[in-house]
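S.K.: Below you will find the structure I want to go over with you.
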Amino acid sequence: PAALGSLMRAAGGGRRCRDPSGRARVPSLCSAPQPQPVIAAKEPFPVELQAGKTYGWCACGHSKRQPFCDGSHKKEAPGLSSLRFTPTQTGPALLCGCKRTRSPPYCDGSH
């Protein structure tokens with residue numbers, strides 16, 4: 001596999017693409033660049049979260065229910081999907097609006 005990847009890169013046919021989870025980079029042949037999220041807001045969304053409840057955070061920026069997913073990514077950004085998360089504590093939280101955070105779904109000040 002490593003030799004094949006080297007051969008493909010040397011031939012100019014291989015690119016490194018993001019794993020759909022966003023965690024790892026894997027060698028792959030890609031027909032098109034991955035869609036990029038749009039900025040929904042240049043500030044975080046203050047929300048009240050409930051411990052143990054599962055939420056779907058909009059990772060594409062197209063949802064009309066920001067910061068939560070409404071399924072818009074299926075049409076607007078098919079290569080992206082929501083991030084499902086379950087907080088361990090009840091209380092206020094700041095969820096990312098710019099979609100550039102390194103600690104999704106929580107704001108890290110990237111905006």
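S.K.: In whole percent, what relative contact order does the stretch 33-110 give with Cα contacts below 8 Å and a gap of six or more residues?
M.R.: Computed over the stretch 33-110, the figure is 38 percent.
S.K.: Just to verify a number: FRET efficiency for residue 38 and residue 86, C-beta to C-beta distance, R0 = 35 Å, to 0.05?
M.R.: 0.85
S.K.: Along the Cα→Cβ direction, 7 angstrom out, place labels at residue 47 and residue 70. What is the inter-label distance in nm?
M.R.: In this crude label model, residue 47 to residue 70 measures out at 1.4 nm.
S.K.: Turning to a different aspect of this structure: Lysines within cross-link reach of residue 74: Cα-Cα under 22 Å, excluding same-chain residues under 8 positions apart?
M.R.: Output for residue 74: 64, 99.
S.K.: What residues qualify as long-range amide H neighbours of residue 68, i.e. H under 5 Å apart, gap of 5 or more or another chain, H built at 1.01 Å from N?
M.R.: 58
FYI, it's all coordinate maths here, none of it is from the lab. No experiment lies behind these values; they were computed from the predicted model shown. Neighbour counts run over all protein chains shown; Cβ positions are idealised from the backbone, glycine included.
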